[in-house]
Amino acid sequence: MPRISQWFIGTAVIYVIIGMVGGIIMGAKQDFSLAPAHAHLNLIGWVSLALMGFYYNANREKAETRLATVQFWVSTIGLWIMIPGLVLALRMVPAGEPIVIAGSIITLIGMILFAVAIFRRAPGRA
Ligand code: HEM
């Protein structure tokens, strides 16, 4: 498996473990106020990032590109900013809102870069 796929899937599985622990804590406390943060950590952090990892594994010529590495970091940093921002916003901390907006935009840019990686001709192909 290409290194970039290992990074995507390896970090994604950490996010889903954190997300599942968060889900169990929510259930145990019967406090579902952080459910949107749980959902986004699992659906972006686990589902979307793992899918990207599998895509690069299936398209290995694209896995070796600089775009793939840049895309990994933009998507990762977006998530790292978005989820804590969302937690703060859901906890009604005013600083949370600009943080979640910034993280969401970075996360969107990561997905746009992924779209570019998909549609761009693979290096070395005519
Ligand atoms: C151990 C595993 C998990 C536990 C214990 C758990 C627990 C929970 C709980 C307690 C809620 C709140 C339900 C409510 O508001 O009534 C929830 C919501 C949700 N979970 Fe999970 N979850 C787990 C795994 C996952 C995974 C793997 C995903 C996605 C890949 C996921 C996606 C969602 C979504 C989309 C919601 C709805 C959020 C919302 O209504 O704002 N969960 N989960």
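The values are calculated or read from the model by the stated rules, or taken from the named source; none is laboratory data. Computed from a predicted structure; not experimentally measured. Cβ: placed from backbone, ideal geometry, glycine included. Neighbour counts: every protein chain shown. Just the protein is used for accessible areas: all its heavy atoms, side chains included, with ligands, DNA and RNA removed. Shrake-Rupley method; radii C 1.70, N 1.55, O 1.52, S 1.80 Å.
ARG91 sits with roughly 120 Å² accessible to a 1.4 Å probe, with DNA, RNA and ligands left out of the calculation.
The helix-only estimate of mean residue ellipticity at 222 nm for the chain, built from DSSP H runs of length n ≥ 4 each weighted as -39500 (n - 2.57), is -25500 deg cm²/dmol after division by the residue total. For segment 7-13, the Karplus equation 6.51 cos²θ - 1.76 cosθ + 1.60, evaluated at θ = phi - 60°, returns couplings of 5, 4, 6, x, 6, 4, 5 Hz by residue, with Gly and Pro reported as x.
Rounded to the nearest whole Hz, the Karplus-based 3J(HN,Hα) values (6.51 cos²θ - 1.76 cosθ + 1.60, θ = phi - 60°) of segment 50-64 follow the sequence 5, 4, 4, x, 5, 4, 5, 5, 7, 10, 5, 5, 7, 5, 7, with x at glycine and proline. Rounded to the nearest whole Hz, the Karplus-based 3J(HN,Hα) values (6.51 cos²θ - 1.76 cosθ + 1.60, θ = phi - 60°) of segment 34-42 follow the sequence 9, 4, x, 5, 4, 5, 6, 4, 6, with x at glycine and proline.
Go through MET1, MET92, MET111, MET26 and list them by solvent-accessible area, largest first, probe radius 1.4 Å.
Details: MET1 110, MET92 160, MET111 85, MET26 25 Å².
Putting MET1, MET92, MET111, MET26 in descending order of accessible area: MET92, MET1, MET111, MET26.
If you place +1 on the Cβ of every Lys and Arg, -1 on the Cβ of every Asp and Glu, and leave all else neutral, what size is the dipole of the chain about its Cα centre, to the nearest 20 Debye? The partial results should precede the final answer.
Working: 9 positive and 4 negative charges, 90 e Å.
Here the size comes out at about 440 debye.
Computed over the Cα atoms, what is the radius of gyration of segment 3-119 divided by 2.2 N^0.38 Å, N being its residue count? The partial results should precede the final answer.
Working: Rg = 14.9 Å, N = 117, 2.2 N^0.38 = 13.4 Å.
Cα Rg divided by the expected 2.2 N^0.38 Å: 1.11.
Counting Lys +1, Arg +1, Asp -1, Glu -1, what net charge surrounds ALA117 among other residues with beta carbon under 12 Å of its beta carbon?
It works out to a net charge of +2.
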